[in-house]
Amino acid sequence: MSQAPVVQSDSQPVARPSDQPVLRIEGLRTYFYSRGKQAFIRSVDGVDLHIARGETLGVVGESGSGKSVTALSVIGLVGAGPGVISGKIGFKSDSVQKNFLQDLDVYVSLKQSGDRIMEVRKDDAEWLRNMDRIMKNIRGREIFMIFQNPKLSLNPFMTVGEQITEAVMLNTGVKERKEARERALHWLEEVKIDSPGLRYNNHPFGLSGGMCQRAMIAMALSSEPSLLIADEPTTGLDATIQSRIVDLLEELKHTVGVTTMLISHDINVISRLSDNVAVMYGGTVLEYGPASSVLSGSHEQKHPYTAALLESIPTERHIREKGTLKAIVGDVLDTIHVPDGCRFAPRCDRITDGIRGRCEHEEPELLEVSGGHKLRCWLYAG
């Protein structure tokens, strides 16, 4: 049993929608415990998301906003405690329909003060045992995740081709190695890796970062997943290679149409590849909706945080005139000390006297302001 002490209250494009989303996350909370500060780190704190069949959902936000932890929570790979403590992760494909957190709440005991969780008791061993049972045949087969560093994700002792062939045999109906090898070569060609026949026999250390990322994308698609999670797929690559990987993902989006959760802090990447966008900050979603609305500089209804992110992107005019970019004042929210009100309030420059009290003391709900466009902001609460 793991136990965390009480935290005091002042420690604050082809989208094909279906009736039921491939992934629906409701009220997800994933906490970690800081022994040094004797407090919870509320990395994911009440996240709601859904992804329709064939859709690409872009999840954007500064580092530390909870994007990657949300993805790791979905596939049950959160290692540190207490980890996932509440919520629902509903998944539906052609062959599987389940809630990944079904009946796991019996292994967690929470003490709350209002809406705030103050203490967690969790039977880690039973939770993990049952989570592994629930996720059997899900990871790699139904949901495939591409991690930030492709070289660390690949086995250094096996050739790239052997690893893709193994993925085909484990995750699809193909059982003959010859056919699996042909599929592996096919996907290496599809991701436009240089000399696929040669790269099939290369070990990861013999490939560049860009080639390793293409190999990981090939492995992901060869497994025929119902949901692909791409966590910062261009991070760590030089600018030219980044552009080529984004071009590849854009092409595959239209030709393959796999349902995708794309995580990035690069708004330009999110804008090019996403149908819908979720803007995360401080462990929760502040804005959600069609990419054309959320990331449009001209759209009137926009969360102040999203607007600030867009204003911090250099434009041709900035470069031509050598102008300065508008910075977001203050520091990224420390999710140990979450304020009672809006999480962005300490950095917001659009608070008026009429809503200041609510911004500082009441957390707004995520409310729809137009067709499919939702905001968590008192400016639009009516």
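The values are calculated or read from the model by the stated rules, or taken from the named source; none is laboratory data. Given the structure is predicted, the values throughout are model-derived calculations rather than measurements. Using ideal geometry, Cβ is built from the backbone for each residue, glycine included, and neighbour counts are taken over all protein chains shown. Only protein heavy atoms, including side chains, enter the accessible area calculation; ligands, DNA and RNA are left aside. Shrake-Rupley method; radii C 1.70, N 1.55, O 1.52, S 1.80 Å.
Computed values, structure above
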| read-out | value |
| --- | --- |
| Positive minus negative residues near residue 255 (Lys, Arg vs Asp, Glu; Cβ under 13 Å) | -3 |
| Per-residue ³J(HN,Hα) for the stretch 205-222, Karplus 6.51 cos²θ - 1.76 cosθ + 1.60, θ = phi - 60°, Hz, x for Gly and Pro | 5, x, 10, 6, x, x, 5, 4, 5, 5, 5, 5, 5, 4, 5, 4, 6, 5 |
| Heavy atoms of residue 67: accessible area, 1.4 Å probe, square angstrom to 10 | 10 Å² |
| For residue 45, residues with placed amide H under 5 Å, excluding near neighbours | 30, 284 |
| Separation of alpha-carbon centers, the stretch 97-145 and the stretch 260-326, rounded to whole Å | 32 Å |
| Rg to Rh, two decimals, where the stretch 73-163 supplies the alpha carbon set and Rh follows Kirkwood | 1.06 |
| Ordering of 266-272, 288-294 by burial proxy (mean other Cβ atoms within 10 Å per residue, highest first) | 288-294, 266-272 |
| Reach of residue 67 by Cα under 27 Å, taken over lysines that are not fewer than 8 positions away in the same chain | 37, 88, 92, 98, 111, 122, 136, 151, 253, 302, 326, 374 |
| Residue-level accessible surface for residue 318, protein heavy atoms, 1.4 Å, Å² | 50 Å² |
| Placed amide H near residue 55: partners under 5 Å, 5+ positions off or other chain | 16, 260 |
| Full-stretch length increase - residue 109, residue 88 - with 0.36 nm per residue and alpha-carbon distance subtracted | 6.0 nm |
| Other-chain or far-sequence residues with amide H under 5 Å of residue 146's (modelled H) | 229, 230, 231 |
| Accessible-area ranking of 205, 157, 147, 344, largest first, probe 1.4 Å | 157, 205, 147, 344 |
| Computed lengthening from residue 189 to residue 240, 0.36 nm per intervening residue step minus Cα-Cα distance | 16.4 nm |
| Farthest positive-ward along the chain dipole, Cα basis, beta-carbon charges - from 197, 270, 89 | 197 |
| Spin-label model distance (nm) - residue 340 vs residue 203, 7 Å beyond Cα toward Cβ | 6.0 nm |
| Centre separation in Å (Cα based) which lies between the stretch 16-61 and the stretch 192-224 | 30 Å |
| Percentage of interatomic Cα-Cα distances in the stretch 203-358 larger than 22 Å | 54 percent |
| Theoretical FRET efficiency, 1/(1+(r/R0)^6), r = Cβ-Cβ of residue 254 and residue 152, R0 25 Å, to 0.05 | 0.25 |
| Hz values of 3J(HN,Hα) by residue in the stretch 73-82 - Karplus curve (6.51, -1.76, 1.60), Gly and Pro given as x | 5, 4, 9, x, 10, 7, x, 6, x, x |
| The chain - mean residue ellipticity at 222 nm from DSSP helices (-39,500 (n - 2.57) per run, n ≥ 4, rounded to 500) | -8500 deg cm²/dmol |
